[in-house]
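Since every read-out is calculated from the coordinates, none of them should be taken as a lab result. Everything numeric here is computed off the predicted structure, so don't read it as measured data. Using ideal geometry, Cβ is built from the backbone for each residue, glycine included, and neighbour counts are taken over all protein chains shown.
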Amino acid sequence: IAHDNLFNHWVAGEGAKYFEDEDACAKLFDSVLLNDDIVEGMKKASLQRFNERFTWSRVLKDYQVLLDQWHPHS
C-alpha cells in the first residue's frame, strides 16, 4: 500500500494498491486487510517486482549500462 505518486508506482509496480489522501488510505487498509486473497496477491506481486528490478545484480547491470553510455570503452 503506497501513496499514489510516480516514484511509488515505479518502485511498487502494478501489484500494489495506491491511495491519494488519508481517508483513502484508511479505507484501503480496511478493505485490503480483510481479504486474504488480495494480501497474498500483493505479496506475490511485490516479490516478483523485487526480483525483476531490485536485486543487486540487476541494479549493478543498470548502472553499468548507464556508465557505458556516459563513458564508452575505447
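I need a count of the residues in region 2-43 that are part of a loop (DSSP other than H, G, I, E, B) and farther than 18 Å from Phe54 by Cα.
Adding up the residues that qualify gives 7.
Keeping to region 49-74, report how many residues are part of a helix (DSSP H, G or I) and polar (S, T, N, Q).
The qualifying residues number 4.
For region 18-42, give me the residue count where each residue is surrounded by 13 or more Cβ atoms within 10 Å (Cβ to Cβ) and hydroxyl-bearing (Ser, Thr, Tyr).
1
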